[in-house]
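The values are calculated or read from the model by the stated rules, or taken from the named source; none is laboratory data. What you see is a predicted model; the values in this text were computed from it and never measured. Cβ placement follows ideal geometry from the backbone for every residue including glycine, while neighbour counts extend to all protein chains displayed.
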């Protein structure tokens, strides 16, 4: 009998009772529920402002075809008061077919596996709870030779390879990159290498957070196929004389305060790209200067890889997720959101029609320094393509900043779409 996995959620009325009622109705509709995950409360994704959801995933057996199962589910939803008037709006019950045996279906009204399940923590967490063996077996590889040997067989099968380079201490931001790669490629490689070349003499290389077991668990949760964990000797030999240096783009923003940093980044990323030879490389918007520099490097050196820059993942209060956030005390953690708030303030001024950059940056600076112990390293408004500082807003811009909170340095940025003067 086919095994199916169903996602259930509710954020109207008695949420738990709604889900329990749906589970009962599934049983009456020839859909035998074997087990369900613990209920998980989560924020809504998309749609209008609304209450939190209670979610779970159920493993079930049924003789119904996928199309018949969908019809039964929609009947149950309607019987429990589900109204589909607003996309991603509040609902008494929502039931999704996540998986149906090993079938792959793509029709106008039914796609299996569910096309967005890998992106949704409220699906993956309960699914991993009740079906840990559903997760692909992830290989851990520590040498360049073994990684190349493993990847060549996938290339011979014309399978696409996605690559997520990290320094470990993984968090939900990294997980979003991994899941994006898994969605777009047959094979996903995640590397963990704390790169000594990108740390200055007085920076936190020795104290940089390292937790390999946790990293492996999170990568596995994201359905990565391979995790590459080379040591320093594997990546950097003592006789190395070759380095990659991208000019101009590395002189401003973070580069002005971290001499040699981007030379270290581009050298190791170039080596990793040569080792993995991925079709796509996944980077985060939070490190936008790094992404722009790597894009330029790959273009200039004719490295055949598609660069995918994915949105910054934030905490509920807006703080950009970062491995260094764990350095912060509870008081400093509350203060840290001020950087993002200042960027939002700059965005408000630009979208209100202000065009003079000096005025915008002054307001942002005052927002941080007023009643705050946070120290500004830089605030900038630059061209999003060449990272050149701007004096006048005339099109889309990048607002970026770096601050010190105690001994912790945090960075953040946002792209701002300027209002067309014709529409003013």
In region 242-260, residues that are in contact with a helix residue (DSSP H, G or I) (Cβ under 6 Å, 6 or more places away or on another chain), closer than 16 Å to residue 383 by Cα and outside any helix (DSSP H, G or I) total 2
Can you tell me which of 386, 371, 394 is at pLDDT 95 or above, loosely packed, with under 13 Cβ neighbours inside 10 Å, out of contact with any strand residue (DSSP E or B) (no Cβ under 6 Å at 6 or more places or on another chain) and not assigned by TED's automatic domain parsing to the domain that holds residue 203? 386
Residue match in region 145-159 (condition: outside the structural domain of residue 79 (by TED's automatic domain parsing), in a helix (DSSP H, G or I) and surrounded by 19 or more Cβ atoms within 10 Å (Cβ to Cβ)): yes
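Okay, residues lined up against (1) in contact with a helix residue (DSSP H, G or I) (Cβ under 6 Å, 6 or more places away or on another chain); (2) farther than 21 Å from residue 5 by Cβ:
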| position | (1), (2) |
| --- | --- |
| 90 | no, yes |
| 93 | yes, no |
| 108 | no, yes |
| 150 | no, yes |
| 160 | no, yes |
| 169 | yes, yes |
| 172 | no, yes |
| 177 | no, yes |
| 189 | yes, yes |
Please pick out the residue among 55, 109, 128 that is part of a loop (DSSP other than H, G, I, E, B) and outside the structural domain of residue 191 (by TED's automatic domain parsing). 109
Please determine whether any residue of region 197-207 is modelled with pLDDT of 95 or more and within 15 Å of the chain's Cα centre (by Cα). no
Output for region 80-102, where each listed residue is surrounded by fewer than 13 Cβ atoms within 10 Å (Cβ to Cβ) and at negative phi: 83, 84, 85, 86, 87, 102
If we keep just the residues of region 25-55 that are more than 32 Å from the chain's Cα centre (by Cα) and over 26 Å from residue 87 (Cα atoms), which is surrounded by the most Cβ atoms within 10 Å (Cβ to Cβ)? 31
